[in-house]
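One structure is given below, encoded as structure tokens.
The values are calculated or read from the model by the stated rules, or taken from the named source; none is laboratory data. On a predicted model such as this, the values are computed, not experimentally measured, just so you know. Cβ atoms come from the backbone with ideal geometry, glycine included; neighbour counts cover every protein chain shown. With ligands, DNA and RNA removed, areas are computed over all heavy atoms of the protein, side chains included. Shrake-Rupley method; radii C 1.70, N 1.55, O 1.52, S 1.80 Å.
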Amino acid sequence: MAKDVTMPLLSPSMTEGTLVKWLKKEGDSVKSGDVIAEVETDKATMDLEAFDSGILRKIFVAAGSKAAVNSRIAIIGTADEKIDESAPAPAAAPAAPAKAEAAAPANGSAAPAPAPAAVSAPASADRAKASPLAKKVAREMNVSLSGLIGSGPGGRIVKKDVVAGGSRAGSGGGWGLHPAGAIAKEEKISLSNMRQTIARRLLESKTTIPHFYLEIEVDAAPLVALRAELNAGFEKLPKPFKLSLNDFVLKATAEAIRRVPAVNASFLGDSIQQFASVHLAFAVAIAQGLITPVLRDAQDKSLKALSDEAKALAVRAKEGKLKPEEYTTGTFTISNLGMYGIDRFSAIINPPQAAILAVGNIVKKPVVNEEGGIVVGHRQSFTLSCDHRVVDGAIGAQFLQELRTLIEKPAQLLL
């Protein structure tokens, strides 16, 4: 008997999925457990396995299209079995067009930056309307006409437009150190399921959770020295490995939460959920957006165990292979932008959690030592964003005090 293949529910917040790619075509034999397609959820791209064996008789949802959860997307049956091929495809969201829409407005970005220069220009230099003199000057200055807006009659590019364009491009009058013209193809980009989820959840967080922020700057010199010493020894092991600075931050955070568990909680409307374990989420940037793999029971794991698990989860996140249980039900999140050279920042709380820790880069700077002298120090910032309905200022401060102690005396993290 023919069986429907339906769009599975692959994450708790998923309402629809995008059929990224069919790995089988109509007429192919499939066995139960075969991966027949890839589906993009609101979190990741995941494999879709067949639950039945037979022939893939009919595909209702084309690659690149969306379908609601539990809706019919294909049929598996026997080769000569009669199936209802005329049945309409289930109601699905509009297809996600991968094609660019060339003439879309340029201000589609959620956080538009000031326009650096007048670059909303005609499509190509060949078709640019320009005076002969402007073209001659443009060649001499190595300025692309496609990046200029003409001030002459009918938008015609004249000499002064070329000269101004060359100046804005920083070419120093024709040195050509930096290319001029449009910086990217102008297009309207459809939101992926993940980007829609990020937009919805973070808007909800920022507008409904009363955030406040606490920040400390710690002496990271002992941490830097300990890591270097340990890694020098680990390199000589039969199976060498390295600990990252972030590994120490993960361990220190888990331990600080154990000492101040009130930050490991959620606001439920009429009560506060206090969690018994630290399910430590950490933000990973991937091509589709952002995801937060979870280190479960982090309070019980060694520095090395946390390091190994975090690295494995990050790799799986970048490959889009995380399972729902690997990125859901975190109780506290860390966002570390130090590796990008960001000194300090404030993060938006990842609901329904009550706090998130933003970690900055370790910076060399002059500091005053205990003798009153000025020396070169290694300083690192930590900013705690708190849901004031759950975490008061004193609680947040106690957590950061414990974190400071652990970072400045990192040998404790080895026990």
(message) Below 8 Å, C-alpha to C-alpha, sequence gap of six or more: please give me the relative contact order for the stretch 30-73 in percent.
(response) 33
(request) Quantify, in whole percent, the carbon and sulfur part of the accessible surface of the chain (1.4 Å probe; protein heavy atoms only). (result) 57
(message) Where in the chain is the longest stretch that carries no GluC sites (Glu not before Pro) classed as loop by DSSP and with at most 15 other Cβ atoms within 10 Å?
(response) 102-186
(request) Holding the Cα-Cα limit at 29 Å, pick out from Lys66/Lys301; Lys21/Lys188; Lys24/Lys239; Lys239/Lys364 the pairs that are longer than that. (result) Lys66/Lys301; Lys24/Lys239; Lys239/Lys364
(message) Greater than 18 Å separation of Cα atoms is the criterion. Which listed pairs, Lys242/Lys409; Lys3/Lys31; Lys236/Lys409, meet it?
(response) Lys242/Lys409; Lys236/Lys409
(message) For Cα pairs less than 8 Å apart in space and 6+ apart in sequence, what is the mean separation divided by the residue count of the stretch 175-329, i.e. the relative contact order in percent?
(response) 18
(request) Go through [x] 19; [y] 22; [z] 42 and flag the label whose value is the computed percent of Cα pairs over 40 Å apart for this structure. (result) [z]
(request) Return a whole-number percent for the relative contact order of the chain, with Cα pairs under 8 Å and 6 or more residues apart as the contact set. (result) 13
(message) Amide H of Val20 versus every other amide H placed in the peptide plane: which residues, excluding those fewer than 5 positions away on the same chain, fall under 5 Å?
(response) Glu38, Val39, Glu40, Gly64
(request) Within the stretch 183-215, report the trypsin sites (Lys or Arg not before Pro) that DSSP leaves as loop and that have at most 13 other Cβ atoms within 10 Å. (result) Lys185, Lys188
(message) Quick check: from the Cα gyration tensor, does the stretch 257-332 come out rounded (a/c under 1.5), prolate or oblate?
(response) oblate
(request) May I ask for the Kirkwood hydrodynamic radius of the stretch 300-364, worked out over all distinct Cα pairs and given in angstroms to one decimal? (result) 13.6
(message) Can you tell me how the stretch 289-400 classifies by the Cα gyration tensor, rounded, prolate or oblate, using a/c under 1.5 as the rounded cut?
(response) prolate
